[in-house]
1. Within the range 105-117, is there a residue that is modelled with pLDDT under 90 and of a type in the set (A, V, I, L, M, F, W, C)?
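The values are calculated or read from the model by the stated rules, or taken from the named source; none is laboratory data. Worth saying up front: this structure is predicted, and the values here are computed from it rather than measured. Cβ: placed from backbone, ideal geometry, glycine included. Neighbour counts: every protein chain shown.
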Amino acid sequence: MAERSEEPAVVLTRRKDSGFGLFLLGAAIGAGLALLFAPQSGEETRRDIRRGARRVKRRAREMAESGREAAEDVVRVGRDMVEDMKKGGRATARDVRKRGRSAARDAREALEARLAQHREAFDDDGDDGV
């Protein structure tokens, strides 16, 4: 037979929900009760709701305009950066082309000089009177 322990056991469980849903439910119930027990008529309440909706609409429009302006600024700055990079790239390409042409000219001149030396050496060696 198994023996039973005489010490009490404590079991802890953790709930998965954070309570945020309950908070929203409470807020909705509170808002409903506030409308029911408000010391103003239904017409006044509807007027306040319309005012609030217009205020929210105006703020949303202002935020959209502000966001549009910010986006335009970002696009303008980006476009300016691209233009600056293109100008710098063109200048770099011109410089590389110029240096490349100069290096090619120097290499051709060095090759022609070496060929001339070899021709002279060949002509001097090959002239045995044969």
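1. no
Residue-wise test of (1) exposed (fewer than 10 other Cβ atoms within 10 Å of the Cβ); (2) not small (Gly, Ala, Ser).
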site	(1), (2)
Ala27	no, no
Gly32	no, no
Leu36	yes, yes
Lys57	no, yes
Val96	no, yes
